[in-house]
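These notes are about the structure you will find just below.
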Amino acid sequence: MIIIAAGVILYMQNNDTSNDPNGEGSFNNEGRYDSTNLNYMGVIYTNRSDILNWNGGYSESTNCPWTAIHNGLDFAFKNGSHVIAAAPGLVENISVTDTGPADNIYMIHVSIRFNESIQIAYVFEPWTTNSSDVDRQISMLNIVAGD
């Protein structure tokens, strides 16, 4: 059984727009939504009962019980659960990180840009050492970079 944990991190991405004569940056949402309105934020699930647990361990420094920066929120979902974006945006990147020998070595990163300065990162952890489980997890994503 694969338990899917989706860590969601909202952070500010500061971009240098000094070379932009209009000072507007280069991000274009192609008119799909108002990128100045942050009221789009919503829940990341379709069914609350799909959440097995939630880890509220958030820290911007190592001065915490787990001694590591952890600036995201961790949700563990039941298999087959639908995870939805917290806000509209452009899918900039989907990538996989192999963290080395451990019980949970793979992380699938999805980066969605809301506007020029705000980007939301999602990390899916299939909690496995088997690369075919990672391939299965990626195949369940209904998005590609550029969406």
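The values are calculated or read from the model by the stated rules, or taken from the named source; none is laboratory data. Just so you know, these numbers come straight off a predicted model, no measurement behind them. As a convention, Cβ positions derive from the backbone with ideal geometry for all residues, glycine included, and neighbour counts pool all protein chains shown.
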Checklist entry - Which one of these is exposed (fewer than 10 other Cβ atoms within 10 Å of the Cβ) and within 17 Å of the chain's Cα centre (by Cα): GLY89, GLY72, GLY56? => result GLY56
Checklist outcome for this item: Pairs returned, first residue in region 115-136 that is over 30 Å from SER35 (Cα atoms), second residue that is among the aromatic types (Phe, Trp, Tyr) and outside any helix (DSSP H, G or I), beta-carbon separation under 7 angstrom, 6 or more apart or interchain, are PRO126/TYR106; THR128/TYR106; VAL134/TYR106
Checklist entry - In region 14-40, which residue that is under 19 Å from the mean Cα position of the chain (by Cα) and either exposed (fewer than 10 other Cβ atoms within 10 Å of the Cβ) or over 13 Å from GLU116 (Cα atoms) (or both) is modelled with the highest pLDDT? => result ASN39
Next on the checklist: Checking the conditions here, which among ASP103, ASP50 is assigned by TED's automatic domain parsing to the domain that holds ASP147 and free of Cβ contacts under 8 Å to residues at least 60 places away in the same chain?
Outcome noted: ASP103
Item to check | Subset tally (residues that are under 14 Å from the mean Cα position of the chain (by Cα) and either closer than 18 Å to ALA76 by Cβ or among the charged types (D, E, K, R) (or both)) for region 95-109 | outcome: 3
Item to check | Among the candidates TRP66, TRP54, residue that is on the phi < 0 side of the Ramachandran plot and assigned to a strand (DSSP E or B) | outcome: TRP54
Checklist entry - When region 42-87 is examined, which residues are found to be touching a Lys or Arg at 6+ places or on another chain (Cβ under 9 Å) and of a type in the set (Asp, Glu)? => result ASP50
Checklist entry - In region 75-109, what count of residues is obtained for those that are within 21 Å of GLY57 (Cα to Cα), out of contact with any Pro (no Cβ under 7 Å at 6 or more places or on another chain) and outside any loop (DSSP other than H, G, I, E, B)? => result 7
Next on the checklist: Being basic (Lys, Arg) and over 19 Å from PHE77 (Cβ atoms) is the filter here; which residues of region 24-55 pass it?
Outcome noted: ARG32
Item to check | Unique match (being modelled with pLDDT of 80 or more, within 18 Å of VAL110 (Cα to Cα) and in contact with a strand residue (DSSP E or B) (Cβ under 7 Å, 6 or more places away or on another chain)) among LEU73, LEU90 | outcome: LEU90
